[in-house]
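Notes to accompany the following structure.
The values are calculated or read from the model by the stated rules, or taken from the named source; none is laboratory data. Everything numeric here is computed off the predicted structure, so don't read it as measured data. As a convention, Cβ positions derive from the backbone with ideal geometry for all residues, glycine included, and neighbour counts pool all protein chains shown. For accessibility, only protein heavy atoms count, side chains too; no ligands or nucleic acids. Shrake-Rupley method; radii C 1.70, N 1.55, O 1.52, S 1.80 Å.
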Amino acid sequence: MDEGYRDSIRARRELIVARMADALGRAGRSLDEVQLVAVSKTVGVDEVRAAIAAGYRVFGENRPQELVRKTAALAGDPDLPAVRFDMIGNLQTNKINAVLGRASLIHSIGSLHLAQAVSSRARRRIDAGELDASADVLIEVNVSGEESKSGFAPAEVRAAMGELMELSGIRVRGLMTMAPRGDQDIARRTFRGLRELRDELERDHGVALPELSCGMSEDFEVALEEGSTIVRLGRVVFDPSFALQ
Ligand SMILES: *Cc1c(COP(=O)(O)O)cnc(C)c1O
């Protein structure tokens with residue numbers, strides 16, 4: 001790990017945070033309403049350490065075995081500040097147990113079947129005294145309707161919300177989505193659609209869904225203007241060649 005990379009990650013963080021503050025300001029919001037998740041799926045533990053030194057405290061992984069590997073590598077180091085890892089990627093039922101207790105938030109509950117599986121495993125672990133509390137989760141919604149995207153269709157979430165809220169062992173904290181790449185207007189529509197769906201579910205079900213996880217390297221400013229409370233940033237954080245004007 002050369003000094004140049006550390007400097008770059010630090011300088012980029014300052015720019016990213018300034019950009020976030022500007023975007024939030026345009027929406028009458030402020031930085032303390034938002035969590036920045038540094039998506040470390042393409043980098044190693046040394047890069048994560050550099051990011052911690054630069055000020056990042058929450059990381060996102062999309063593969064359970066990487067989540068396990070990185071949390072293990074960083075655990076028990078008295079020189080490190082406390083950091084958290086979120087699970088942001090596709091989760092198979094046979095990997096749920098590896099993620100429970102290690103991920104502070106699971107962003108990617110994309111089907112009722114997965115929600116039920118996480119619920120039953122979490123409940124079992126809580127009963128066995130192996131897990132302190134229910135697992136915090138977000139419901140992944142395919143707002144844009146792109147075929148390649150996973151998650152609930154909006155109509156499916158509307159239909160399943162009652163059941164999702166009833167599941168013990170998990171606590172639904174909000175919604176997550178990914179926008180199609182390459183068009184800021186379509187991204188904006190996607191994020192706005194997520195927020196409107198959230199507002200509707202809160203109203204219809206009398207529940208609080210405070211978190212909206214949306215916004216990646218190419219569209220986080222638009223996401224923050226549209227109400228995102230969690231941005232998931234990978235390349236813009238870790239890739240020194242990713243354009244950040
Ligand atoms: C990779 C990934 C990100 C980060 O993407 P960038 O474009 O590199 O910022 C965010 N969310 C999910 C679910 C991802 O898989």
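For the options Glu66, Glu140, Glu166, a Gaussian network treatment of the chain with springs between C-alpha atoms closer than 10 Å singles out Glu166 as fluctuating the most. Considering only Leu36, Leu209, Leu224, the mean-square fluctuation computed in a Gaussian network model of the chain, springs between alpha carbons under 10 angstrom, is largest for Leu209. Based on Cα atoms of segment 14-71, Rg over Rh with Rh as the Kirkwood radius reads 1.07. The accessible area of Thr71, taken with all protein chains in place and a 1.4 Å probe, comes to roughly 30 Å².
Expressed as a whole percentage, what fraction of the accessible surface of the chain belongs to carbon and sulfur atoms when a 1.4 Å probe is rolled over the protein heavy atoms?
Reported share for carbon and sulfur atoms: 45 percent.
In the full protein context, segment 3-238 carries 45 Å² of accessible surface per residue, based on a 1.4 Å probe and ignoring ligands, DNA and RNA. Of the listed residues Met178, Met20, Met1, the order by accessible area with a 1.4 Å probe, largest first, is Met1, Met178, Met20. Site pair Arg19 and Tyr5 shows an inter-label distance of 2.1 nm when each label is modelled 7 Å from Cα along Cα→Cβ.
Residues His205, His113, His107, ordered by accessible area of protein heavy atoms at a 1.4 angstrom probe radius and largest first, appear as His113, His205, His107. At the listed q of 0.11, 0.17, 0.18 Å⁻¹, the Debye profile of the chain, built from one uniform point per Cα, gives log10 I(q)/I(0) equal to -0.57, -1.33, -1.45. Computed over the chain with a Gaussian network model linking Cα atoms closer than 10 Å, the most mobile of Asp77, Asp183, Asp86 is Asp77. Shown in residue order for segment 20-29 are the 3J(HN,Hα) couplings computed by the Karplus curve 6.51 cos²θ - 1.76 cosθ + 1.60 at θ = phi - 60°: 4, 4, 4, 4, 5, x, 4, 9, x, 10 Hz (x for Gly and Pro).
For segment 115-245, count all C-alpha to C-alpha pairs, find those more than 25 Å apart, and express that count as a whole percent of the total. Summing the P(r) tail past 25 Å for segment 115-245 gives 32 percent.
Based on DSSP H runs of at least 4 residues, each adding -39500 (n - 2.57), what is the mean residue ellipticity at 222 nm of the chain after dividing by all its residues, to the nearest 500 deg cm²/dmol? Taking each H run of at least 4 residues, the total per residue is -14000 deg cm²/dmol. Across the chain, Cα pairs under 8 Å and at least six residues apart give a relative contact order of 21 percent.
Taking all protein chains as shown and a probe of 1.4 angstrom, Leu91 keeps an accessible surface of around 10 Å².
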